[in-house]
Amino acid sequence: MAMKNVMGVIYTGEKDSFLRELTLMRAIAAMPVAGRYRVIDFLVSGLVNSGVKNVGVIMQKNYHSLMDHLGSGKEWDLHGKNDGLYILPPFLTRENVGVYSGSLDALYSNYGYLRRSKQEYVLLLNSLIVYNANFEDMMEAHGKSGADVTILYTKDAAMRRPEYGIYFDISTDGLITDVEIDPTRPRYENTCMEAFLLKKSLLLELVDRGVAHGYHDLTRDVFQRMIRDAGMRVAGFEYRDVCYRMDSVQSYFQFNMDVIDPRVRHALFSDDKPVYTKVRDELPARYLDNAQVTDSIVADGCIVDGTVEHSVLFRGVKVAKGATVKNCVIMQDSQIEEGVWLENCILDKQAVIKQNGKLIGPNSYPIVISKDMSI
């Protein structure tokens, strides 16, 4: 089955409150990660590397930063005459404030786009998980199994959460036989990665019927019922590489710390599956006389004259002489002045920590400094 017969739809803007002040002005999909990327880069790159040529991104309330990042889609080679990248902002009315009450509503609002697209299959992705998949294997398995829907899942124990997430029981023939949603303690080891592959005609029918029944969410309301009551064949496809859930400040922080480890980095950015992102032309990072940098990711445009240990510095960060940065995530264009000591902190874009300031957070719960803050 050819991948050009598959369209990708990414649903963004869900559960943004998980990341507190980091997502006041942006969707989780637009969260900066690993020095120069954003969460959505992994999803769009995965689709493009798998041969998908038509990608729609469903946006919600705070979508400006995401829209600015994706632009025309040229970084992902999605700016041709046919198909390409479609940005689908919310339709604003007095009743609708730009927030969907679930993925079903979001799909229903974009029914026209789905119907007009030429592809026969839809690959529907949620934007809370960072992973770098090649979806061709999933497509092949879907074709062979004869299932109505194929859903990506992982056995990675770190993806399980108490009271949150979707978990499957899978029979020996690969079909999903039971679904648990937000259980206090997940009984099944198969965690849903919220990537669904199905025929577009089936999706449109499910969306139409679901909305007519007053349902809001595709997984919760539709797939769970389909598996349990309607006797539809829903298959699981196991994803075996690294994946991270962005569902709290801690998990966001942990992901950035883990990416410093070359093994994690090579697993996530493998040569055969490059991750593309928006280009910002910068000079290479400059290390001045007093710079001591160990075990860190330093993006281009940085100027370092202090000590940086086990940290991620995004583009254009300045670390002055006599400053120390340990276990921190410092986003774009932030400035750390002389004599500052930072440990276990996340600085959002353009934050400034003034001379001799000290911020030391506990290991498990980093201090978050909001965008444009000066301390």
**Item:** Which listed residue is at pLDDT below 95, open to solvent by less than 20 Å² (accessible area, probe 1.4 Å) and in contact with a Gly (Cβ under 9 Å, 6 or more places away or on another chain), from Arg233, Arg280, Arg245
**Value:** Arg245
**Message:** Just checking, does the stretch 51-74 include any residue being in contact with an Asp or Glu (Cβ under 8 Å, 6 or more places away or on another chain) and assigned to a helix (DSSP H, G or I)?
**Reply:** no
**Prompt:** Would you pick out the residues in the stretch 226-254 that are more than 20 Å from Lys155 (Cβ to Cβ), out of contact with any helix residue (DSSP H, G or I) (no Cβ under 9 Å at 6 or more places or on another chain) and assigned to a helix (DSSP H, G or I)?
**Reply:** Arg228, Asp229, Ala230, Gln250, Phe253
**Whichever residue in the stretch 156-167 is more than 17 Å from Arg228 (Cα to Cα) and assigned to a strand (DSSP E or B) and, among such residues, is least open to solvent (accessible area, probe 1.4 Å)** = Tyr164
**Message:** Given the condition among the polar types (S, T, N, Q) and surrounded by fewer than 24 Cβ atoms within 10 Å (Cβ to Cβ), answer yes or no: does some residue in the stretch 309-320 qualify?
**Reply:** no
**Item:** Contacts under 6 angstrom Cβ, first residue in the stretch 168-181 being touching a residue at least 60 places away in the same chain (Cβ under 8 Å) and open to solvent by less than 30 Å² (accessible area, probe 1.4 Å), partner aliphatic (A, V, I, L, M) and part of a loop (DSSP other than H, G, I, E, B), 6 or more apart
**Value:** none
**Message:** If Trp76 meets every condition in (1) at pLDDT below 95; (2) under 18 Å from Ser117 (Cα atoms); (3) touching a strand residue (DSSP E or B) at 6+ places or on another chain (Cβ under 8 Å) apart from one, which number is that one?
**Reply:** (2)
**Prompt:** How do the pairs read when you match residues in the stretch 342-369 that are open to solvent by 80 Å² or more (accessible area, probe 1.4 Å) with residues anywhere that are part of a loop (DSSP other than H, G, I, E, B) and modelled with pLDDT under 95, using Cβ under 9 Å and keeping only pairs 6 or more apart or on different chains?
**Reply:** Lys354/Ile375
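Taking the options Met257, Met193, name whichever one is open to solvent by less than 20 Å² (accessible area, probe 1.4 Å), closer than 28 Å to Asp41 by Cα, of a type outside the set (Val, Ile, Thr) and assigned to a strand (DSSP E or B).
Numbers: Met257 fails: assigned to a strand (DSSP E or B).
Every option except Met193 fails the conditions.
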**Complete:** Checked pairs for the stretch 269-295, first at positive phi, second open to solvent by less than 50 Å² (accessible area, probe 1.4 Å) and part of a loop (DSSP other than H, G, I, E, B), C-beta under 8 Å and 6 or more apart or across chains, list as Asp295/Ile260
**Message:** Just the residues that are in a loop (DSSP other than H, G, I, E, B) and modelled with pLDDT of 90 or more, please, taken from the stretch 84-129.
**Reply:** Asn110, Ser117, Lys118, Gln119, Glu120, Ser127, Leu128
**Complete:** Considering the stretch 130-155, residues that are over 23 Å from Asp217 (Cβ atoms) and either in a helix (DSSP H, G or I) or aromatic (Phe, Trp, Tyr) (or both), and then whichever is most open to solvent (accessible area, probe 1.4 Å), we arrive at Lys144
**Request:** Please find, within the stretch 11-46, the residue that is least open to solvent (accessible area, probe 1.4 Å) out of those that are of a type in the set (Ser, Thr, Tyr) and free of Cβ contacts under 8 Å to residues at least 60 places away in the same chain.
**Result:** Thr23
**Residue check for Gly214: more than 26 Å from Cys302 (Cα to Cα), in a loop (DSSP other than H, G, I, E, B) and either touching a residue at least 60 places away in the same chain (Cβ under 8 Å) or not β-branched (Val, Ile, Thr) (or both)** = yes
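The values are calculated or read from the model by the stated rules, or taken from the named source; none is laboratory data. These numbers come from a predicted model, not from an experiment. No Cβ is skipped: glycine too gets one built from the backbone with ideal geometry, and neighbour counts run over all protein chains shown. Accessible surface is based on the protein model in full, side chains and every heavy atom, while ligands, DNA and RNA are left aside. Shrake-Rupley method; radii C 1.70, N 1.55, O 1.52, S 1.80 Å.
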